[in-house]
Amino acid sequence: HCLAARAVCRRDIDCDRGNGYSWKITLLRNYWKSKVKQEWLSGKYSNIPSQHSLPEKSMYPMDVDTWGEILEAELER
């Protein structure tokens, strides 16, 4: 799980590890973000008709760089 989360949220995980967090704490801090980000990057929400069609766990607080990555992925589709 740690490596899968790092593949999606490398910057956040490397920052946490650099700040001395254990892998367990790092995973707890980044797990849901990595899941939600991966779903957005994979295009799961590309063609939804409205915000009401989004599943409950489709959102997570993410920084501007992360949303930029998601936007770039959408523009490439």
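The values are calculated or read from the model by the stated rules, or taken from the named source; none is laboratory data. Keep in mind it's a predicted model, so treat the numbers as computed, not measured. Here the Cβ is made from the backbone with ideal geometry for all residues, glycine too, and neighbour counts use every protein chain on show. We work out accessible area using only protein heavy atoms, side chains counted, and drop any ligands, DNA or RNA first. Shrake-Rupley method; radii C 1.70, N 1.55, O 1.52, S 1.80 Å.
Would you mind checking the radius of gyration and Dmax of the chain based on alpha-carbon positions, in Å?
13.3, 43
Give me a comma-separated list of calculated 3J(HN,Hα) values for the range 3-11, in order, Karplus coefficients 6.51, -1.76, 1.60 applied at θ = phi - 60°, integers in Hz, x for any Gly or Pro.
Result, ordered by residue: 5, 5, 5, 5, 4, 9, 10, 3, 4 Hz.
How high is the relative contact order of the chain, in percent, with contacts defined as C-alpha pairs under 8 Å that are six or more residues apart?
It rounds to 28 percent for the chain.
Given +1 on the Cβ of Lys and Arg, -1 on the Cβ of Asp and Glu, and no further charges, what dipole in debye does the chain carry about its Cα centre, rounded to the nearest 20?
Here the chain has a charge dipole of around 380 debye.
For the chain, take the longest principal axis of its alpha carbons; what is the angle in degrees between that and the long axis of helix 64-76, to the nearest 10 within 0 to 90?
Helix 64-76 sits at roughly 40 degrees to that axis.
Starting from the Cα of Arg17, step 7 Å along the direction of its Cβ; do the same at Glu74; then give the gap between the two resulting points in nm.
3.0
For the chain, what % of the accessible area comes from carbon and sulfur atoms, probe 1.4 Å?
55
Taking Cα atoms, how many degrees apart are the long axis of helix 23-41 and the longest axis of the chain, rounded to 10 and kept between 0 and 90?
Around 20 degrees separate the two axes.
So for each of 9-15, 61-67 I average, over its residues, the number of other beta carbons within 10 Å; can you give me the resulting order with the highest mean first?
9-15, 61-67
If the cut-off is a Cα-Cα distance under 19 Å, which aspartates and glutamates reach Lys44, setting aside same-chain residues fewer than 8 apart in sequence?
Hits, sequence-local ones excluded: Glu56, Glu69, Glu72, Glu74, Glu76.
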